[in-house]
Each structure stands twice: as C-alpha cells, then as structure tokens.
Amino acid sequence: MTVTLRQAAPLDAGAVGAILSGFVDDTPWMPRIHTRAEELAHADDLIGRGWVTVAEQAGDVVGFIARAGHAIHALYLVPRMQGQGIGTALLRTAQRQAPRLELWTFQANDGAQRFYHRHGFRAVEQTDGAGNDEGLPDIRFIWERQPS
C-alpha cells in the first residue's frame with residue numbers, strides 16, 4: 001500500500017499525539033512524565049510551528065518527523081509500520097532539505113541508534129540524562145551532507 005508524505009495539518013495533532021503516547025506506553029524503559037493531553041498539546045504545538053511532516057497510508061497517519069532547521073525533534077512510527085521504509089523516507093526528505101542534521105536519542109533506544117547509523121549519522125556526545133526531562137542517558141547524533 002502506498003505511503004505519502006505531506007505537511008501536517010492541525011487535525012493531525014490527535015494522530016501525532018497518539019503515536020507519541022503509544023511509544024511511551026510500549027517502551028518499558030521510558031517513563032511517562034506527560035499526560036496524554038500534554039502529548040496532544042505538544043503535537044499541536046509542533047504542527048502549529050510548521051515543523052511536522054506526516055507519513056500517511058490509506059488516510060491514516062502512520063508516522064511523522066518534526067524538524068526545525070537542522071534539528072530533528074522527533075521521528076516516530078506506529079509499531080506495525082516499522083521496518084517498511086517509512087522512517088527512511090521521512091529522514092531522507094529531511095536530508096535533502098538540510099546540509100546538516102542533528103538529534104538526540106536515548107542510549108536505551110538501540111533500534112534508533114542502529115537506524116541513524118545506517119543513515120550516515122555519527123554519535124558526537126553522550127550524557128547521563130541530567131539535561132533531559134526524562135532523566136535518561138542520551139546520545140547526540142549529527143549528519144552532514146558529503147560534498148559531491
């Protein structure tokens with residue numbers, strides 16, 4: 001089935017918020033520090049800033065990326081859509097639009113680390129988590145377009 005990428009609209013906030021909540025619910029090491037209503041409000045804020053591109057299949061939002069300039073703030077998919085190239089499509093779109101990207105992911109998120117390494121990102125910093133809301137150790141990744 002075809003997946004299309006498009007700029008998020010205000011009505012997508014519910015789906016984007018649900019994807020965020022689903023990740024927290026399905027990830028044993030991830031603490032729930034925000035209510036679902038707060039996650040929905042956060043999704044609405046990201047969309048309102050024009051940062052969100054959604055992946056849509058058969059009318060359903062199945063993933064999204066939130067990017068402001070060179071900073072990727074979020075990249076999430078519904079679990080059943082992982083491994084189908086949707087995250088790659090979202091990330092490659094960002095890579096075409098910016099010569100440099102950076103993001104943070106948690107050290108416990110092995111799948112995300114493998115994903116970003118496969119797409120040319122390199123780890124440049126690790127922390128003990130004191131600087132993030134969750135208090136979890138994290139890693140900063142950077143990608144830079146190589147000159148042709």
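Just so it is clear, none of the values below were taken in a lab; they were calculated from the coordinates. Quantities reported herein were computed from a predicted structural model and do not represent experimental measurements. Positions of Cβ are backbone-derived with ideal geometry, glycine not excepted, and every protein chain shown enters the neighbour counts.
Each of 1, 81 has some number of other Cβ atoms within 10 Å of its Cβ, and from fewest to most they run 1, 81. Scaling the Cα radius of gyration of the range 26-107 by the globular reference 2.2 N^0.38 Å produces a ratio of 1.13. Put in order of Cβ neighbour count within 10 Å, fewest first, the listed residues 86, 33 become 33, 86. The eigenvalues of the Cα gyration tensor, multiplied by 5 and square-rooted, give the chain an equivalent ellipsoid with semi-axes of 22, 20, 14 Å from largest to smallest.
Exposed loop sites were defined as trypsin sites (Lys or Arg not before Pro) in DSSP loop states (anything but H, G, I, E or B) carrying at most 13 other C-beta atoms within 10 Å; in the chain the longest segment without such a site runs 50-144. The largest-to-smallest principal axis extents of the Cα set in the range 77-148 are 37, 34, 17 Å.
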